[in-house]
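Written below as C-alpha coordinates is the structure these notes are about.
The values are calculated or read from the model by the stated rules, or taken from the named source; none is laboratory data. On a predicted model such as this, the values are computed, not experimentally measured, just so you know. Note: ideal-geometry Cβ built from the backbone for every residue, glycine included; neighbour counts use all protein chains shown. Protein only, heavy atoms only, side chains kept; ligands, DNA and RNA dropped before computing areas. Shrake-Rupley method; radii C 1.70, N 1.55, O 1.52, S 1.80 Å.
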Amino acid sequence: MLEGILAGLSTTFLPINLFLVLVGCFAGTFIGMLPGLGPISAIALMIPITYGFEPASGMILMAGVYYGAIFGGSTSSILLNAPGVAGTVATAFDGYPLAQQGKAGKALALAAYSSFSGGTIAAVFLLVAAPMLASVSLSFQSSDYFALMVMGLTAVSAFAGKGGFLKAIMMTVLGLMLSTVGTDASAGIQRFTFGRLDLIDGVSFLLLAMATFALSEALMVILKSTKISRKAQPATQGNLGSLKVSKQEFKEIAPTIARSSVLGFFVGVLPGAGATIASFLAYGMERNLAKGQHRSQFGKGSLKGLVAPETANNAACSGSFVPLLTLGIPGSGTTAVMLGALLSYGIQPGPRLFVEQPQVFWSVIISMYIGNIILLILNLPLIPYIAKLLMLPQQLLTPLILFFSLIGVYLVSFNPFDIQMMVFFAVAALLLRILDFPMAPMLLGFVLGGMMEENLRRALLINDGSLSFLWERPITLTILIITLLTILAPVVSYFKPAAPD
(Lines give C-alpha, C1' and ligand atoms only; values in the text may rest on other atoms or scores of the structure.)
Protein backbone atom coordinates (compact mmCIF):
# COMPACT_ATOMS: atom_id res chain seq x y z
CA MET A 1 0.00 0.00 0.00
CA LEU A 2 2.82 2.40 0.90
CA GLU A 3 4.62 1.64 -2.36
CA GLY A 4 1.38 2.24 -4.25
CA ILE A 5 0.82 5.59 -2.54
CA LEU A 6 4.39 6.66 -3.38
CA ALA A 7 3.86 5.61 -7.01
CA GLY A 8 0.61 7.58 -7.05
CA LEU A 9 2.31 10.65 -5.56
CA SER A 10 5.11 10.59 -8.13
CA THR A 11 2.57 10.19 -10.95
CA THR A 12 0.21 12.90 -9.66
CA PHE A 13 2.96 15.49 -9.17
CA LEU A 14 4.24 15.20 -12.74
CA PRO A 15 3.84 18.69 -14.30
CA ILE A 16 1.50 17.41 -17.04
CA ASN A 17 -0.78 15.72 -14.50
CA LEU A 18 -0.92 18.78 -12.23
CA PHE A 19 -1.82 20.82 -15.30
CA LEU A 20 -4.54 18.32 -16.22
CA VAL A 21 -6.02 18.53 -12.69
CA LEU A 22 -6.22 22.31 -13.12
CA VAL A 23 -7.74 22.02 -16.61
CA GLY A 24 -10.22 19.37 -15.48
CA CYS A 25 -11.36 21.41 -12.47
CA PHE A 26 -11.75 24.59 -14.53
CA ALA A 27 -13.55 22.86 -17.42
CA GLY A 28 -15.77 20.93 -15.04
CA THR A 29 -16.68 24.09 -13.10
CA PHE A 30 -17.63 25.90 -16.31
CA ILE A 31 -19.61 22.98 -17.74
CA GLY A 32 -21.36 22.36 -14.44
CA MET A 33 -22.63 25.95 -14.39
CA LEU A 34 -24.31 25.66 -17.79
CA PRO A 35 -27.85 24.30 -17.47
CA GLY A 36 -28.26 21.24 -19.69
CA LEU A 37 -24.64 20.14 -19.63
CA GLY A 38 -23.88 17.73 -16.78
CA PRO A 39 -20.80 15.73 -15.78
CA ILE A 40 -21.83 12.76 -17.96
CA SER A 41 -21.84 14.91 -21.11
CA ALA A 42 -18.61 16.58 -19.98
CA ILE A 43 -16.82 13.25 -19.46
CA ALA A 44 -18.14 11.95 -22.80
CA LEU A 45 -16.72 15.06 -24.51
CA MET A 46 -13.36 14.49 -22.79
CA ILE A 47 -12.93 10.85 -23.84
CA PRO A 48 -11.64 11.61 -27.40
CA ILE A 49 -9.20 14.15 -25.91
CA THR A 50 -7.79 11.62 -23.42
CA TYR A 51 -7.08 8.89 -25.99
CA GLY A 52 -3.58 10.27 -26.54
CA PHE A 53 -2.74 10.39 -22.83
CA GLU A 54 -1.39 7.81 -20.43
CA PRO A 55 -4.23 6.02 -18.56
CA ALA A 56 -3.36 7.76 -15.26
CA SER A 57 -3.34 11.20 -16.91
CA GLY A 58 -6.63 10.56 -18.69
CA MET A 59 -8.34 9.41 -15.49
CA ILE A 60 -6.97 12.38 -13.53
CA LEU A 61 -8.41 14.77 -16.14
CA MET A 62 -11.82 13.06 -16.17
CA ALA A 63 -11.97 12.87 -12.36
CA GLY A 64 -11.23 16.62 -12.20
CA VAL A 65 -14.02 17.32 -14.69
CA TYR A 66 -16.40 15.13 -12.66
CA TYR A 67 -16.10 16.77 -9.26
CA GLY A 68 -15.50 20.15 -10.90
CA ALA A 69 -18.90 19.90 -12.62
CA ILE A 70 -20.63 19.04 -9.35
CA PHE A 71 -18.72 21.87 -7.65
CA GLY A 72 -19.64 24.39 -10.37
CA GLY A 73 -23.27 23.36 -10.65
CA SER A 74 -24.03 25.15 -7.41
CA THR A 75 -23.31 28.56 -8.95
CA SER A 76 -26.23 28.52 -11.38
CA SER A 77 -28.45 26.92 -8.72
CA ILE A 78 -27.77 29.77 -6.30
CA LEU A 79 -27.67 32.72 -8.70
CA LEU A 80 -30.29 31.71 -11.27
CA ASN A 81 -32.34 28.97 -9.60
CA ALA A 82 -31.32 26.91 -12.65
CA PRO A 83 -29.31 23.86 -11.48
CA GLY A 84 -26.44 23.16 -13.85
CA VAL A 85 -26.42 19.46 -12.92
CA ALA A 86 -28.95 17.15 -11.27
CA GLY A 87 -26.76 16.81 -8.18
CA THR A 88 -27.24 20.51 -7.34
CA VAL A 89 -31.04 20.62 -7.58
CA ALA A 90 -31.33 20.45 -3.79
CA THR A 91 -28.80 23.29 -3.50
CA ALA A 92 -31.28 25.65 -5.14
CA PHE A 93 -33.88 25.01 -2.40
CA ASP A 94 -32.09 27.35 0.02
CA GLY A 95 -29.29 28.80 -2.12
CA TYR A 96 -31.55 30.85 -4.36
CA PRO A 97 -33.60 32.31 -1.45
CA LEU A 98 -30.29 33.40 0.12
CA ALA A 99 -29.34 35.14 -3.15
CA GLN A 100 -32.71 36.90 -3.21
CA GLN A 101 -32.02 38.13 0.32
CA GLY A 102 -28.81 39.79 -0.88
CA LYS A 103 -26.59 37.03 0.52
CA ALA A 104 -25.45 35.53 -2.79
CA GLY A 105 -21.78 35.99 -1.88
CA LYS A 106 -22.18 34.19 1.43
CA ALA A 107 -24.20 31.41 -0.25
CA LEU A 108 -21.54 30.88 -2.93
CA ALA A 109 -18.76 30.93 -0.32
CA LEU A 110 -20.60 28.39 1.85
CA ALA A 111 -21.15 26.19 -1.21
CA ALA A 112 -17.42 26.35 -1.98
CA TYR A 113 -16.36 25.59 1.62
CA SER A 114 -18.83 22.73 2.04
CA SER A 115 -17.95 21.23 -1.34
CA PHE A 116 -14.28 21.36 -0.41
CA SER A 117 -14.96 19.78 3.00
CA GLY A 118 -17.17 17.02 1.60
CA GLY A 119 -14.74 16.17 -1.18
CA THR A 120 -11.71 16.17 1.14
CA ILE A 121 -13.31 14.08 3.91
CA ALA A 122 -14.57 11.59 1.33
CA ALA A 123 -11.10 11.42 -0.25
CA VAL A 124 -9.72 10.41 3.15
CA PHE A 125 -12.39 7.69 3.40
CA LEU A 126 -11.49 6.61 -0.13
CA LEU A 127 -7.83 6.31 0.81
CA VAL A 128 -8.75 4.02 3.72
CA ALA A 129 -11.69 2.08 2.27
CA ALA A 130 -10.43 1.41 -1.24
CA PRO A 131 -7.50 -0.85 -0.25
CA MET A 132 -9.74 -2.71 2.22
CA LEU A 133 -12.36 -3.37 -0.46
CA ALA A 134 -9.64 -4.34 -2.92
CA SER A 135 -8.17 -6.91 -0.51
CA VAL A 136 -11.62 -8.37 0.11
CA SER A 137 -12.39 -8.53 -3.59
CA LEU A 138 -9.21 -10.55 -4.24
CA SER A 139 -11.13 -13.58 -2.96
CA PHE A 140 -13.91 -13.02 -5.49
CA GLN A 141 -14.44 -15.52 -8.29
CA SER A 142 -16.23 -15.12 -11.62
CA SER A 143 -19.57 -16.14 -10.09
CA ASP A 144 -19.19 -13.45 -7.41
CA TYR A 145 -18.41 -10.79 -10.00
CA PHE A 146 -21.44 -11.89 -12.02
CA ALA A 147 -23.64 -11.53 -8.93
CA LEU A 148 -22.12 -8.12 -8.16
CA MET A 149 -22.88 -6.87 -11.65
CA VAL A 150 -26.44 -8.16 -11.42
CA MET A 151 -26.76 -6.22 -8.15
CA GLY A 152 -25.35 -3.11 -9.80
CA LEU A 153 -27.88 -3.40 -12.61
CA THR A 154 -30.82 -3.78 -10.26
CA ALA A 155 -29.82 -0.81 -8.13
CA VAL A 156 -31.20 1.55 -10.76
CA SER A 157 -33.99 3.09 -8.69
CA ALA A 158 -31.63 6.02 -8.04
CA PHE A 159 -31.81 6.84 -11.75
CA ALA A 160 -35.61 6.62 -11.87
CA GLY A 161 -37.21 9.93 -12.67
CA LYS A 162 -40.90 10.66 -12.97
CA GLY A 163 -41.39 7.38 -14.86
CA GLY A 164 -40.45 5.36 -11.79
CA PHE A 165 -38.59 2.17 -11.11
CA LEU A 166 -40.14 0.08 -13.92
CA LYS A 167 -38.95 2.47 -16.63
CA ALA A 168 -35.42 2.41 -15.18
CA ILE A 169 -35.41 -1.40 -15.30
CA MET A 170 -36.68 -1.33 -18.91
CA MET A 171 -33.85 1.01 -19.92
CA THR A 172 -31.33 -1.26 -18.18
CA VAL A 173 -32.59 -4.19 -20.23
CA LEU A 174 -32.28 -2.09 -23.40
CA GLY A 175 -28.66 -1.36 -22.48
CA LEU A 176 -28.00 -5.09 -21.99
CA MET A 177 -29.50 -5.80 -25.41
CA LEU A 178 -27.30 -3.20 -27.08
CA SER A 179 -24.21 -4.71 -25.41
CA THR A 180 -24.82 -8.01 -27.26
CA VAL A 181 -24.45 -6.40 -30.70
CA GLY A 182 -21.23 -7.38 -32.48
CA THR A 183 -18.95 -10.39 -32.50
CA ASP A 184 -19.20 -12.92 -29.67
CA ALA A 185 -15.73 -12.91 -28.11
CA SER A 186 -15.94 -16.57 -27.04
CA ALA A 187 -17.41 -18.21 -30.15
CA GLY A 188 -16.46 -15.63 -32.78
CA ILE A 189 -20.05 -15.53 -34.06
CA GLN A 190 -21.67 -12.32 -35.25
CA ARG A 191 -24.76 -11.28 -33.33
CA PHE A 192 -27.41 -8.73 -34.37
CA THR A 193 -25.15 -7.11 -36.98
CA PHE A 194 -27.80 -7.38 -39.76
CA GLY A 195 -25.04 -8.06 -42.26
CA ARG A 196 -23.37 -4.70 -41.64
CA LEU A 197 -19.59 -4.79 -41.39
CA ASP A 198 -19.76 -1.54 -39.40
CA LEU A 199 -21.46 -3.39 -36.51
CA ILE A 200 -18.97 -6.29 -36.28
CA ASP A 201 -17.17 -4.55 -33.40
CA GLY A 202 -20.47 -3.68 -31.74
CA VAL A 203 -21.91 -0.30 -30.84
CA SER A 204 -19.27 2.22 -29.78
CA PHE A 205 -19.50 3.21 -26.14
CA LEU A 206 -18.48 6.79 -26.93
CA LEU A 207 -21.10 6.98 -29.67
CA LEU A 208 -23.88 5.81 -27.36
CA ALA A 209 -22.82 8.11 -24.51
CA MET A 210 -22.59 11.19 -26.72
CA ALA A 211 -25.86 10.42 -28.51
CA THR A 212 -27.96 9.75 -25.42
CA PHE A 213 -26.66 12.64 -23.32
CA ALA A 214 -24.94 15.50 -25.15
CA LEU A 215 -26.68 15.25 -28.55
CA SER A 216 -30.15 14.40 -27.23
CA GLU A 217 -29.86 17.28 -24.75
CA ALA A 218 -29.14 19.68 -27.61
CA LEU A 219 -32.11 18.30 -29.55
CA MET A 220 -34.29 18.67 -26.45
CA VAL A 221 -33.31 22.34 -26.19
CA ILE A 222 -34.11 22.87 -29.87
CA LEU A 223 -37.44 21.11 -29.50
CA LYS A 224 -38.54 23.06 -26.46
CA SER A 225 -36.74 26.30 -27.44
CA THR A 226 -36.02 26.76 -23.75
CA LYS A 227 -33.99 29.62 -22.42
CA ILE A 228 -32.80 30.58 -18.97
CA SER A 229 -35.71 32.39 -17.41
CA ARG A 230 -34.96 36.07 -17.31
CA LYS A 231 -37.11 36.44 -14.23
CA ALA A 232 -34.52 34.29 -12.45
CA GLN A 233 -31.80 36.87 -12.94
CA PRO A 234 -29.37 37.13 -10.02
CA ALA A 235 -30.99 39.22 -7.36
CA THR A 236 -27.69 40.91 -6.65
CA GLN A 237 -26.00 40.98 -10.05
CA GLY A 238 -22.91 43.12 -9.82
CA ASN A 239 -23.21 43.17 -6.03
CA LEU A 240 -22.91 39.62 -4.73
CA GLY A 241 -22.50 40.77 -1.15
CA SER A 242 -19.84 39.69 1.29
CA LEU A 243 -18.12 36.32 0.88
CA LYS A 244 -17.27 36.17 4.59
CA VAL A 245 -18.71 33.53 6.89
CA SER A 246 -18.70 34.21 10.65
CA LYS A 247 -17.26 31.85 13.28
CA GLN A 248 -20.74 31.28 14.69
CA GLU A 249 -22.02 30.22 11.27
CA PHE A 250 -19.08 27.85 10.86
CA LYS A 251 -19.89 26.28 14.24
CA GLU A 252 -23.51 25.95 13.20
CA ILE A 253 -22.76 24.13 9.94
CA ALA A 254 -19.79 21.99 11.11
CA PRO A 255 -21.94 19.04 12.35
CA THR A 256 -23.97 19.21 9.14
CA ILE A 257 -20.81 18.98 7.05
CA ALA A 258 -19.57 15.98 9.07
CA ARG A 259 -22.88 14.09 8.80
CA SER A 260 -23.41 14.90 5.13
CA SER A 261 -19.84 13.89 4.21
CA VAL A 262 -20.28 10.42 5.74
CA LEU A 263 -23.76 9.97 4.25
CA GLY A 264 -22.67 11.23 0.83
CA PHE A 265 -19.62 8.98 0.71
CA PHE A 266 -21.53 5.80 1.54
CA VAL A 267 -24.38 6.66 -0.84
CA GLY A 268 -21.79 7.21 -3.56
CA VAL A 269 -20.29 3.79 -2.87
CA LEU A 270 -23.62 2.11 -3.67
CA PRO A 271 -23.73 1.00 -7.33
CA GLY A 272 -26.36 2.96 -9.20
CA ALA A 273 -26.62 5.75 -6.64
CA GLY A 274 -24.74 9.02 -6.96
CA ALA A 275 -24.57 12.72 -6.17
CA THR A 276 -28.24 13.46 -6.85
CA ILE A 277 -29.61 10.89 -4.41
CA ALA A 278 -26.93 11.78 -1.85
CA SER A 279 -27.83 15.47 -1.96
CA PHE A 280 -31.56 14.83 -1.48
CA LEU A 281 -30.95 12.35 1.34
CA ALA A 282 -28.62 14.76 3.12
CA TYR A 283 -31.11 17.62 2.74
CA GLY A 284 -33.93 15.46 4.06
CA MET A 285 -31.81 14.20 6.97
CA GLU A 286 -30.85 17.70 8.08
CA ARG A 287 -34.42 18.92 7.78
CA ASN A 288 -35.64 16.05 9.96
CA LEU A 289 -32.91 16.65 12.54
CA ALA A 290 -33.63 20.38 12.74
CA LYS A 291 -36.09 21.57 15.35
CA GLY A 292 -38.41 24.51 15.78
CA GLN A 293 -37.35 27.69 14.05
CA HIS A 294 -34.38 26.05 12.30
CA ARG A 295 -36.70 23.58 10.55
CA SER A 296 -39.03 26.35 9.40
CA GLN A 297 -36.06 28.08 7.75
CA PHE A 298 -35.56 25.21 5.29
CA GLY A 299 -36.62 26.33 1.83
CA LYS A 300 -36.38 30.00 2.87
CA GLY A 301 -32.61 30.44 3.09
CA SER A 302 -31.33 27.97 5.68
CA LEU A 303 -27.54 27.70 5.84
CA LYS A 304 -27.80 24.02 6.79
CA GLY A 305 -30.19 23.45 3.89
CA LEU A 306 -27.55 24.84 1.54
CA VAL A 307 -24.53 23.14 3.10
CA ALA A 308 -26.00 19.63 3.44
CA PRO A 309 -26.63 18.84 -0.27
CA GLU A 310 -23.46 20.62 -1.39
CA THR A 311 -21.33 18.57 1.00
CA ALA A 312 -23.08 15.30 0.20
CA ASN A 313 -22.93 15.57 -3.59
CA ASN A 314 -19.15 16.15 -3.59
CA ALA A 315 -18.60 13.36 -1.06
CA ALA A 316 -20.67 11.05 -3.28
CA CYS A 317 -18.41 11.86 -6.24
CA SER A 318 -15.41 10.50 -4.32
CA GLY A 319 -17.43 7.58 -2.95
CA SER A 320 -18.49 6.47 -6.42
CA PHE A 321 -14.83 5.77 -7.23
CA VAL A 322 -14.70 2.96 -4.63
CA PRO A 323 -16.82 0.43 -6.57
CA LEU A 324 -15.42 1.71 -9.88
CA LEU A 325 -11.74 1.21 -9.01
CA THR A 326 -11.95 -1.81 -6.69
CA LEU A 327 -14.82 -3.87 -8.11
CA GLY A 328 -15.31 -2.55 -11.65
CA ILE A 329 -18.88 -1.45 -10.88
CA PRO A 330 -19.74 2.21 -11.50
CA GLY A 331 -21.21 4.03 -8.52
CA SER A 332 -23.01 6.59 -10.69
CA GLY A 333 -23.95 7.35 -14.27
CA THR A 334 -20.81 9.45 -14.67
CA THR A 335 -18.49 6.72 -13.38
CA ALA A 336 -20.23 4.34 -15.80
CA VAL A 337 -18.84 6.56 -18.57
CA MET A 338 -15.43 6.53 -16.88
CA LEU A 339 -15.57 2.73 -16.67
CA GLY A 340 -15.98 2.63 -20.43
CA ALA A 341 -12.98 4.96 -20.75
CA LEU A 342 -10.87 2.66 -18.55
CA LEU A 343 -11.84 -0.35 -20.67
CA SER A 344 -10.90 1.57 -23.83
CA TYR A 345 -7.41 2.00 -22.32
CA GLY A 346 -7.25 -1.79 -21.98
CA ILE A 347 -7.46 -1.58 -18.17
CA GLN A 348 -9.83 -3.82 -16.20
CA PRO A 349 -10.89 -2.17 -12.92
CA GLY A 350 -10.83 -4.36 -9.83
CA PRO A 351 -8.17 -6.03 -7.68
CA ARG A 352 -5.86 -6.35 -10.70
CA LEU A 353 -5.92 -2.58 -11.13
CA PHE A 354 -4.82 -2.19 -7.51
CA VAL A 355 -1.96 -4.68 -8.01
CA GLU A 356 -0.89 -4.20 -11.64
CA GLN A 357 -1.63 -0.50 -12.18
CA PRO A 358 -1.04 1.12 -8.76
CA GLN A 359 -0.02 4.42 -10.35
CA VAL A 360 -3.49 4.71 -11.96
CA PHE A 361 -5.29 3.62 -8.80
CA TRP A 362 -3.50 5.90 -6.35
CA SER A 363 -2.93 8.90 -8.63
CA VAL A 364 -6.70 9.30 -9.13
CA ILE A 365 -7.26 9.28 -5.36
CA ILE A 366 -4.38 11.65 -4.58
CA SER A 367 -5.39 14.01 -7.38
CA MET A 368 -8.72 14.48 -5.58
CA TYR A 369 -6.98 16.18 -2.65
CA ILE A 370 -5.19 18.55 -5.01
CA GLY A 371 -8.33 19.04 -7.10
CA ASN A 372 -10.43 20.09 -4.13
CA ILE A 373 -7.82 22.66 -3.10
CA ILE A 374 -7.67 23.99 -6.68
CA LEU A 375 -11.46 24.22 -6.84
CA LEU A 376 -11.58 26.24 -3.61
CA ILE A 377 -8.84 28.62 -4.78
CA LEU A 378 -10.37 28.83 -8.26
CA ASN A 379 -13.97 29.42 -7.26
CA LEU A 380 -13.81 31.96 -4.43
CA PRO A 381 -12.04 34.84 -6.27
CA LEU A 382 -13.59 34.07 -9.67
CA ILE A 383 -17.21 33.75 -8.51
CA PRO A 384 -18.29 37.25 -9.65
CA TYR A 385 -16.68 36.81 -13.07
CA ILE A 386 -17.64 33.19 -13.78
CA ALA A 387 -21.29 33.99 -12.97
CA LYS A 388 -21.45 36.30 -16.01
CA LEU A 389 -20.69 33.34 -18.29
CA LEU A 390 -24.14 32.01 -17.44
CA MET A 391 -25.55 34.62 -19.79
CA LEU A 392 -24.18 32.65 -22.78
CA PRO A 393 -27.16 32.53 -25.18
CA GLN A 394 -28.73 29.17 -26.04
CA GLN A 395 -28.46 30.10 -29.75
CA LEU A 396 -24.68 29.80 -29.37
CA LEU A 397 -24.56 26.99 -26.82
CA THR A 398 -26.76 24.49 -28.71
CA PRO A 399 -24.79 24.53 -32.03
CA LEU A 400 -21.55 24.12 -30.05
CA ILE A 401 -22.93 21.00 -28.32
CA LEU A 402 -24.05 19.57 -31.69
CA PHE A 403 -20.68 20.32 -33.29
CA PHE A 404 -18.52 18.84 -30.53
CA SER A 405 -20.73 15.77 -30.19
CA LEU A 406 -20.63 14.85 -33.88
CA ILE A 407 -16.99 15.77 -34.45
CA GLY A 408 -15.89 13.99 -31.26
CA VAL A 409 -17.35 10.67 -32.42
CA TYR A 410 -16.18 11.05 -36.03
CA LEU A 411 -12.57 11.80 -35.04
CA VAL A 412 -12.38 8.48 -33.16
CA SER A 413 -13.50 6.19 -36.00
CA PHE A 414 -13.53 8.38 -39.16
CA ASN A 415 -16.59 6.34 -40.16
CA PRO A 416 -19.64 8.22 -41.55
CA PHE A 417 -21.85 5.30 -40.47
CA ASP A 418 -21.12 6.21 -36.85
CA ILE A 419 -22.55 9.69 -37.45
CA GLN A 420 -25.73 8.17 -38.92
CA MET A 421 -26.06 5.72 -36.03
CA MET A 422 -25.39 8.50 -33.53
CA VAL A 423 -28.20 10.63 -34.98
CA PHE A 424 -30.52 7.59 -34.85
CA PHE A 425 -29.70 6.94 -31.18
CA ALA A 426 -30.04 10.65 -30.35
CA VAL A 427 -33.52 10.84 -31.89
CA ALA A 428 -34.53 7.61 -30.11
CA ALA A 429 -33.13 9.00 -26.83
CA LEU A 430 -35.06 12.23 -27.39
CA LEU A 431 -38.35 10.33 -27.76
CA LEU A 432 -37.58 8.24 -24.67
CA ARG A 433 -36.73 11.35 -22.64
CA ILE A 434 -40.01 12.99 -23.67
CA LEU A 435 -41.71 9.88 -22.28
CA ASP A 436 -39.68 10.29 -19.04
CA PHE A 437 -37.42 7.27 -19.56
CA PRO A 438 -34.05 7.81 -17.78
CA MET A 439 -30.93 7.43 -19.93
CA ALA A 440 -28.37 6.53 -17.25
CA PRO A 441 -29.71 2.96 -16.64
CA MET A 442 -29.31 2.17 -20.34
CA LEU A 443 -25.68 3.25 -20.27
CA LEU A 444 -25.14 1.27 -17.07
CA GLY A 445 -26.61 -1.85 -18.68
CA PHE A 446 -24.53 -1.34 -21.82
CA VAL A 447 -21.25 -0.97 -19.93
CA LEU A 448 -21.84 -3.88 -17.53
CA GLY A 449 -23.53 -6.20 -20.03
CA GLY A 450 -20.37 -7.46 -21.69
CA MET A 451 -18.52 -8.05 -18.43
CA MET A 452 -21.53 -9.73 -16.86
CA GLU A 453 -21.82 -12.14 -19.80
CA GLU A 454 -18.10 -12.88 -19.72
CA ASN A 455 -18.09 -13.71 -16.00
CA LEU A 456 -21.24 -15.84 -16.30
CA ARG A 457 -19.66 -17.88 -19.08
CA ARG A 458 -16.46 -18.32 -17.13
CA ALA A 459 -18.41 -19.46 -14.05
CA LEU A 460 -20.40 -21.94 -16.14
CA LEU A 461 -17.21 -23.35 -17.68
CA ILE A 462 -15.61 -23.79 -14.25
CA ASN A 463 -18.75 -25.59 -12.99
CA ASP A 464 -19.20 -27.76 -16.14
CA GLY A 465 -22.34 -25.92 -17.19
CA SER A 466 -24.06 -26.22 -13.81
CA LEU A 467 -25.79 -23.25 -12.15
CA SER A 468 -25.06 -24.67 -8.70
CA PHE A 469 -22.48 -21.92 -8.09
CA LEU A 470 -25.40 -19.53 -7.55
CA TRP A 471 -26.25 -21.15 -4.20
CA GLU A 472 -23.09 -23.10 -3.31
CA ARG A 473 -20.75 -20.10 -3.01
CA PRO A 474 -21.65 -18.06 0.12
CA ILE A 475 -20.50 -14.73 -1.37
CA THR A 476 -22.51 -15.26 -4.55
CA LEU A 477 -25.60 -16.32 -2.62
CA THR A 478 -25.35 -13.33 -0.24
CA ILE A 479 -25.04 -10.83 -3.08
CA LEU A 480 -27.98 -12.40 -4.95
CA ILE A 481 -30.16 -12.24 -1.81
CA ILE A 482 -29.32 -8.53 -1.43
CA THR A 483 -30.15 -8.11 -5.13
CA LEU A 484 -33.52 -9.79 -4.65
CA LEU A 485 -34.32 -7.55 -1.69
CA THR A 486 -33.37 -4.51 -3.80
CA ILE A 487 -35.86 -5.58 -6.45
CA LEU A 488 -38.64 -6.40 -3.98
CA ALA A 489 -38.31 -3.25 -1.84
CA PRO A 490 -40.12 -0.90 -4.30
CA VAL A 491 -42.82 -3.55 -4.86
CA VAL A 492 -43.44 -3.99 -1.12
CA SER A 493 -43.51 -0.23 -0.52
CA TYR A 494 -46.02 0.15 -3.36
CA PHE A 495 -48.50 -2.32 -1.84
CA LYS A 496 -47.90 -1.19 1.76
CA PRO A 497 -50.96 0.74 3.03
CA ALA A 498 -50.42 4.39 3.77
CA ALA A 499 -50.15 5.36 7.44
CA PRO A 500 -53.17 7.27 8.78
CA ASP A 501 -52.75 10.98 9.43
Open item on the list: If DNA, RNA and ligands are ignored and the probe is 1.4 Å, what is the ranking of VAL447, VAL423 by accessible area, most exposed first?
Closed with: VAL423, VAL447
TODO: Rank-order 457-464, 278-285, 339-346, 88-95 by packing density, defined as the average count of other C-beta atoms within 10 Å over each peptide's residues, highest first.
DONE: 88-95, 278-285, 339-346, 457-464
Open item on the list: Just want to confirm a number: the relative contact order over the range 1-65, from Cα pairs under 8 angstrom separated by 6+ residues, in percent.
Closed with: 44 percent
- [ ] Compute the distance in nm between two label points, each set 7 Å from the Cα along the Cα-to-Cβ direction, one at THR180 and one at THR193.
- [x] 1.7 nm
TODO: Could you rank the peptides 302-311, 472-481, 369-378 by their average count of other C-beta atoms within 10 Å per residue, with the highest value first?
DONE: 302-311, 369-378, 472-481
